[in-house]
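See below for the structure under consideration.
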Amino acid sequence: MGYWARTWIGANQLGSLIVLDANGNLIGRFGRYGNVDDADEAHDRLHFAWIRAVAVSDTAAYVVDQPNRRIVRAALQYAAEETIARS
């Protein structure tokens, strides 16, 4: 969990990394099942076989992909922000 109480979880049934907010709402999903050879421009470039561990900083997510024998560093960028009025 970080400053915004977001939880990063390896969802191996999806082959993805998911991000949840403090209420358990899905904020984002990154990656799909596969290996580095499956990456292409038309689809998601991140492919994981089995996520073993996740570490997140303000600028990147580090994912241990055990069967593919690698640690993936994915740069994080925040491109949209929305504020809602309180009622």
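Out of curiosity, is ARG52 exposed (fewer than 12 other Cβ atoms within 10 Å of the Cβ), at pLDDT 90 or above and not hydrophobic (A, V, I, L, M, F, W, C)?
no
Could you list, in sequence order, all residues of segment 55-83 that are surrounded by 11 or more Cβ atoms within 10 Å (Cβ to Cβ) and among the polar types (S, T, N, Q)?
GLN66, ASN68
Conditions tested, residue by residue: (1) modelled with pLDDT under 90; (2) touching a Cys at 6+ places or on another chain (Cβ under 8 Å); (3) among the β-branched types (Val, Ile, Thr); (4) in a strand (DSSP E or B).
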residue: VAL19; (1), (2), (3), (4): no, no, yes, yes
residue: ARG29; (1), (2), (3), (4): no, no, no, yes
residue: ASP37; (1), (2), (3), (4): yes, no, no, no
residue: GLU41; (1), (2), (3), (4): yes, no, no, no
residue: ARG45; (1), (2), (3), (4): yes, no, no, no
residue: ALA61; (1), (2), (3), (4): no, no, no, yes
residue: TYR78; (1), (2), (3), (4): yes, no, no, no
residue: SER87; (1), (2), (3), (4): yes, no, no, no
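The values are calculated or read from the model by the stated rules, or taken from the named source; none is laboratory data. As the structure is a computational prediction, the values presented were derived from the model and not from experiment. Backbone-built Cβ (ideal geometry, glycine too); neighbour counts: all protein chains shown.
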